[in-house]
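Any read-out appearing in this document is the output of simple, stated calculations on the displayed coordinates, not a laboratory observation. Please read all numbers here as calculations on a predicted model, not as lab measurements. Here the Cβ positions follow ideal geometry from the backbone for every residue, glycine too, while neighbour counts run over all protein chains shown.
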């Protein structure tokens with residue numbers, strides 16, 4: 001598929017209005033593109049005719065507080081066809097945070113459903129009107145939507161299509177302004193790479209209110225004219241869903257591959273139509289094992305929700321690296337505002353110069369595709385400094401230019417006078433066969449400085465003793481003695497965001513304790529773990 005700079009989501013949606021191939025699959029129901037977009041047209045018309053006109057020059061903002069359902073898919077298509085901005089509200093937010101997201105988005109109207117409506121009880125949403133789908137009020141809105149659609153705006157490629165909130169792993173979520181260009185460029189490249197056509201089925205189980213579900217799921221299906229099988233992610237239902245829908249492509253972000261791999265392996269796991277998986281932030285071991293077990297290609301890339309930092313895996317990408325950066329993406333020292341020296345390693349692969357080599361991923365050419373956060377000038381100023389985009393992600397590069405993540409800027413730890421980064425320690429720990437997921441973070445030490453803490457989830461049926469962990473750590477030549485976790489927390493689950501990213505700030509706030517799991521502590525300068 002060749003993308004033209006004049007293309008917009010509005011034009012692509014219009015091109016599908018009379019397409020009679022499958023567009024939407026949900027449970028045992030299905031809609032063709034013609035049927036799906038007819039419903040979306042009615043919804044768009046109904047919204048436009050229901051909401052009071054906005055101030056001259058402003059765009060209408062319509063919010064959604066919905067899960068992965070046909071209603072969410074219809075709302076996305078309605079926004080594209082109708083020319084208004086869809087504000088994708090994170091359905092895991094609660095209380096004052098949820099109310100703040102709605103108010104900050106300037107939603108004139110908020111669509112929700114019976115499952116999510118109680119979350120709004122007692123909240124101050126300002127002038128936002130709430131309509132629950134399936135009610136008489138919603139039916140009246142749809143009745144007003146019958147007839148020919150008169151869109152509010154003919155969309156320009158760089159007009160905002162949606163407000164999508166960041167994951168909020170290290171702070172409050174921020175509303176990214178995503179335009180048509182962002183939602184066509186990347187997806188069209190994935191369509192070409194995997195050869196997707198209207199005969200394919202895209203399994204969309206990542207939340208569609210987030211950038212991955214939107215760009216790597218919904219927009220990929222739209223670009224290819226393929227069907228989207230809309231579901232809520234479940235590791236235990238994954239295989240059954242793929243077979244039920246005939247899914248040939250899937251998207252993921254964060255830890256879903258690890259969750260799926262934690263389920264018992266079956267001899268016929270590869271007996272599915274699935275041939276491609278695309279996502280972000282999976283670990284090397286999970287990428288390789290998922291491809292082997294399910295007989296498909298797994299392509300993992302790194303990109304910020306803002307679209308300003310893009311790094312892709314190429315042939316020859318070393319283990320532990322996330323690939324080569326796009327032009328202009330570099331690693332900078334935030335104090336000197338200079339590019340960091342390349343990483344140096346010893347014969348065992350240990351990083352010799354972390355203080356010099358680790359810095360922040362930046363886009364030296366500016367904001368890239370990023371057009372700013374909505375209604376958040378302070379966050380814009382934090383991201384755009386010295387004419388560059390500062391991502392908040394720590395990284396280092398080797399002599400060949402390959403990038404290795406070191407965590408978020410909050411993942412720096414000062415241990416016994418030495419700076420340590422969380423991600424390299426996590427990569428070493430993930431060599432432990434019993435381990436399924438891990439988060440490394442700093443807790444306040446008894447003396448001055450930080451202590452390293454690791455929260456772990458084991459594979460189903462796996463076990464680990466303190467002695468086994470000690471033996472494993474002792475055999476890792478590239479792990480500094482100071483990087484041995486002082487505290488180890490074993491849990492059945494770890495707190496995660498709606499996009500399956502481990503919520504480290506919650507773990508940090510809980511300190512050196514456990515929530516019903518097991519806690520081990522190492523002697524301050526020893527190598528022996530004892531159960532607390």
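A few points about this structure:
- Hydrodynamic radius of the stretch 308-411 by the Kirkwood approach over all distinct alpha-carbon pairs: 14.2 Å.
- One way to sum up the overall shape of the stretch 60-174 is the equivalent ellipsoid from its Cα gyration tensor, whose semi-axes run 23, 18, 12 Å, largest first.
- Pairs of Cα atoms farther than 19 Å apart, the stretch 24-97, %: 42 percent
- Here, the stretch 416-531 is characterised by an Rg to Rh ratio of 0.92, where Rg is the alpha-carbon radius of gyration and Rh the Kirkwood radius.
- With only Cα atoms counted, the stretch 369-456 has Rg and Dmax values of 16.4, 46 Å.
- The chain: antiparallel DSSP beta bridges as a percent of all, rounded to 5: 60 percent
- Overall dimensions of the chain by Cα: Rg and Dmax, Å: 23.7, 75
- Restricting the calculation to Cα atoms, the stretch 121-232 shows an Rg/Rh of 1.02 when the hydrodynamic-style radius is the Kirkwood one.
- Residue-span extension gain [residue 49 to residue 139] - 0.36 nm each, minus C-alpha spacing: 31.1 nm
- Taking other C-beta atoms within 10 Å as the exposure proxy, 174, 504, 153, 11 rank 153, 11, 504, 174 from fewest upward.
- Hull-based mean projected area of the stretch 139-197, where the convex hull spans the alpha carbons, in square nanometres: 7.7 nm²
- The stretch 9-301: radius of gyration and largest Cα-Cα distance (Dmax), Å: 18.8, 62
- All alpha carbon pair distances within the stretch 190-346 were sorted into 5 Å bins beginning at 0; the resulting P(r) in whole percents reads 2, 8, 17, 20, 19, 13, 8, 5, 4, 2, 0, 0.
- Kirkwood Rh, angstrom, the stretch 442-499 [1 / mean 1/r, Cα pairs]: 13.4 Å
- Reducing the stretch 457-510 and the stretch 206-242 to their Cα centroids gives an inter-centroid distance of 30 Å.
- Each helix, a run of at least 4 DSSP H residues, gives -39500 (n - 2.57); summed and divided by the residues of the chain, these come to -7000 deg cm²/dmol at 222 nm.
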